[in-house]
1. Out of the stretch 327-339, which residues are crowded, with 18+ Cβ neighbours inside 10 Å and within 12 Å of the ligand (Cβ to nearest atom)?
2. Could you go through the stretch 171-179 and let me know if any residue there is over 21 Å from Thr69 (Cα atoms) and either out of contact with any helix residue (DSSP H, G or I) (no Cβ under 8 Å at 6 or more places or on another chain) or not assigned by TED's automatic domain parsing to the domain that holds Ile353 (or both).
3. Among the residues of the stretch 343-356, are any under 30 Å from Arg52 (Cα atoms), within 16 Å of the ligand (Cβ to nearest atom) and aliphatic (A, V, I, L, M)?
4. Regarding Phe45, is this residue within 23 Å of the chain's Cα centre (by Cα), in a helix (DSSP H, G or I) and in the same structural domain as Phe140 (by TED's automatic domain parsing)?
5. Restricting to helices (runs of 4 or more DSSP H) lying wholly in the stretch 90-188: which have 1 or more residues that are modelled with pLDDT under 95 and closer than 30 Å to Thr21 by Cβ?
6. When the stretch 268-292 is examined, which residues are found to be in a strand (DSSP E or B) and either at positive phi or at pLDDT below 85 (or both)?
7. State the number of residues belonging to the stretch 287-315 that are more than 16 Å from the ligand (Cβ to nearest atom) and either without any contact (Cβ under 8 Å) to a residue 60 or more places away in the chain or outside the structural domain of Ala356 (by TED's automatic domain parsing) (or both).
8. Contact list please: Cβ distance under 7 Å, first residue in the stretch 19-36 and of a type in the set (Ser, Thr, Tyr), second residue crowded, with 17+ Cβ neighbours inside 10 Å, pairs at least six apart or on different chains.
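The values are calculated or read from the model by the stated rules, or taken from the named source; none is laboratory data. Because the structure is predicted, anything quoted here is derived from the model rather than measured. Backbone-built Cβ (ideal geometry, glycine too); neighbour counts: all protein chains shown.
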Amino acid sequence: MEADKTGRQVVKYTFYKLDTTAFLRLPEVKQRDAKLDFIDTVRGFNRRMLLRSYSLVGMRRDVDFLLWTVAEDVEAFQQLETAIRNTALGPYLDVTRSFLSGTKRSMYDISLPEDAGGASAEERIRIEPSDSRYLFVYPFVKTRAWYALSQEGRQAMITEHIRVGRKYPDIRLNTTYSYGIDDQEFVVAFEGDDPHDFVDLVNDLRFTEASMYTLSDTPMHIAIAMSLPEMMDSIGGAQVSDLVDDDVTEVGGWLPVASLGELSPDSALRVYYGTQQVALFRANGHIYALNNRCPHARGPLCEGTLHHENGTGPAVRCPWHEAYFRLEDGAVLSGPSPRGVATYRVRVEGDTIYIARREESETA
Ligand code: FES
């Protein structure tokens, strides 16, 4: 069977441990400089990937913080790691654990018979984190006996599993696949705001039949979501969160996302604005920024075709089912999309393209 690779992403959970003995003995000014260098370097990768930061200080002795990254290619992860090593904090950091995986359409029906909907296959191939306070993440391996069961037998157990999960609607699951690219088979990452809910959910899942086919599901981690400066302060030493802005994407600020040289005329480029994928277009001498996901079935607009329509201005045709969107305001001009697509404000300074989220009143 031909695998559909369109829209799939690669995912990496990288856990760092700080050499506290060496780092906390540095003069404060060096601690501060090292943290600021780390923050600045990691933020520079906002253009290339979706990036979430978490502290585990006080949760486990073998890890201090976690970067959850989602990208289109594994090279982005390699480049981020090289850049982190080259920061002033790099010599004091050790990657004690990491999980590499990719998104994939589930081979099971993940809706329940009584559902009207449930998570769609498209939703499973794009990661879109929520704003939950906690991330619970662990590697997961099934027994080989699981794979010897019939599809119907496995589907029945998956359905039971999903039914238990639905009892905890505030817990959100992100399952990604590691077959052949890392030691585990899956990485399981739950988002939630109450650790007790998660304890109760995992407790309940132990009583399902599918649990008999778990070979391993440790180590387990609870991680607390924080901005990069807050995460840096959680590791101890000189404080920096008062010195740097919060994540500009949380307050609707301007974010540098690309250089003009990266976006040639009549082309498109995918960038990130916090957790959002944004498609930049350069057409008719202007630069436009639209949410990259088509509202119809989440097709990647940056892979669409540019059209210069008479009277309506430049437009992009979605590569999946040919909905047309006007670049100026994201309005749907034709095709199956039920609505237009969100646009961003764009500013160019020197060679740098900045984008900012629009106010609610501007998008109404
Ligand atoms: S996904 Fe864009 S038109 Fe269907």
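1. Listed by number, the residues that qualify are Val332, Ser337.
2. No, there is no match, as no residue in the stretch 171-179 is over 21 Å from Thr69 (Cα atoms) and either out of contact with any helix residue (DSSP H, G or I) (no Cβ under 8 Å at 6 or more places or on another chain) or not assigned by TED's automatic domain parsing to the domain that holds Ile353 (or both).
3. The answer is no, given that none of the residues of the stretch 343-356 is under 30 Å from Arg52 (Cα atoms), within 16 Å of the ligand (Cβ to nearest atom) and aliphatic (A, V, I, L, M).
4. Judged against the criteria, Phe45 is a match.
5. Passing ranges: none, list empty.
6. If the condition is that a residue be in a strand (DSSP E or B) and either at positive phi or at pLDDT below 85 (or both), then Tyr272, Tyr273, Gln276, Gln277 are the ones that fit.
7. 8
8. Partner pairs satisfying both residue conditions: none exist.
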